[in-house]
Amino acid sequence: MTDDNTAIEAPKLAFFDIHHLSAEQLGQLGVSQIAYVKPVTVNGQNGFAIHAADGTPMAVAGDREVAMAAILQHEMHALSVH
């Protein structure tokens, strides 16, 4: 209830069978929540690339800590790729 005694409706949850996902649905899992960090060399400089879960390049940072902080700042989960 809110201060004016009106009910707040809870968000509806979606359920699906993970055993029957299409390739496209599987590719979209985690796209907005997960980012990957991997070491790269750009124009002769070492850095760390940030990619979305689907592989889309998002940014390059000068060091790993900055890359991880950028991901966390955007409320995403960071994973390292070796």
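The values are calculated or read from the model by the stated rules, or taken from the named source; none is laboratory data. This is a predicted model, so every value here is computed, not measured. Here the Cβ is made from the backbone with ideal geometry for all residues, glycine too, and neighbour counts use every protein chain on show.
The table that follows gives values for the structure above.
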| quantity | calculated |
| --- | --- |
| Listing of strands (runs of 3 or more DSSP E) fully contained in segment 26-72 that carry 2 or more residues being at pLDDT 90 or above and exposed (fewer than 12 other Cβ atoms within 10 Å of the Cβ) | 34-42, 45-52 |
| Contacts under 6 angstrom Cβ, first residue in segment 43-68 being without any contact (Cβ under 8 Å) to a residue 60 or more places away in the chain, partner part of a loop (DSSP other than H, G, I, E, B) and not polar (S, T, N, Q), 6 or more apart | GLY47/GLY62; ALA52/VAL31; ALA53/GLY30; ALA53/VAL31; ASP54/VAL31 |
